[in-house]
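Report on the following structure.
Just so it is clear, none of the values below were taken in a lab; they were calculated from the coordinates. All of these numbers come straight from a predicted model, not from anything done at the bench. Cβ atoms come from the backbone with ideal geometry, glycine included; neighbour counts cover every protein chain shown.
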């Protein structure tokens with residue numbers, strides 16, 4: 001059986017109970033999400049999206065920080081981790097995080113912790129009129 005390969009994501013774990021953080025290896029970098037499990041609906045609401053850069057302690061350290069946070073600690077019950085390959089740069093991880101946060105930026109149902117400022121770099125490539133996409137020089 002051929003092993004799956006994605007160019008950005010090396011491996012992931014989704015909807016893992018908060019009690020399992022200590023089982024996540026140190027130094028894993030990439031994107032993570034904090035979730036609140038809704039048992040009646042059997043759904044996991046996204047509470048927060050974050051990232052861990054290379055050399056900053058990894059996602060495990062960030063998750064433990066969220067556990068100690070007065071603002072976030074009681075708002076989430078599960079987490080998801082999307083580890084990127086070692087060759088993925090800090091800038092690429094930041095772009096991924098910015099993209100995910102931008103998706104939630106104006107969602108009225110998104111948790112208040114997900115409300116983010118604009119992802120500036122994305123605004124630099126934003127074209128409001130998609131009819132212009134097909135024209136030369138407009139990206």
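Residue by residue, here is whether (1) at positive phi; (2) surrounded by fewer than 17 Cβ atoms within 10 Å (Cβ to Cβ) holds:
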position: 55; (1), (2): yes, yes
position: 71; (1), (2): no, yes
position: 80; (1), (2): no, no
position: 86; (1), (2): no, yes
position: 90; (1), (2): no, yes
Can you tell me which residue in segment 1-21 is nearest to residue 58 (Cα to Cα), limited to those that are free of Cβ contacts under 8 Å to residues at least 12 places away in the same chain and exposed (fewer than 12 other Cβ atoms within 10 Å of the Cβ)?
19
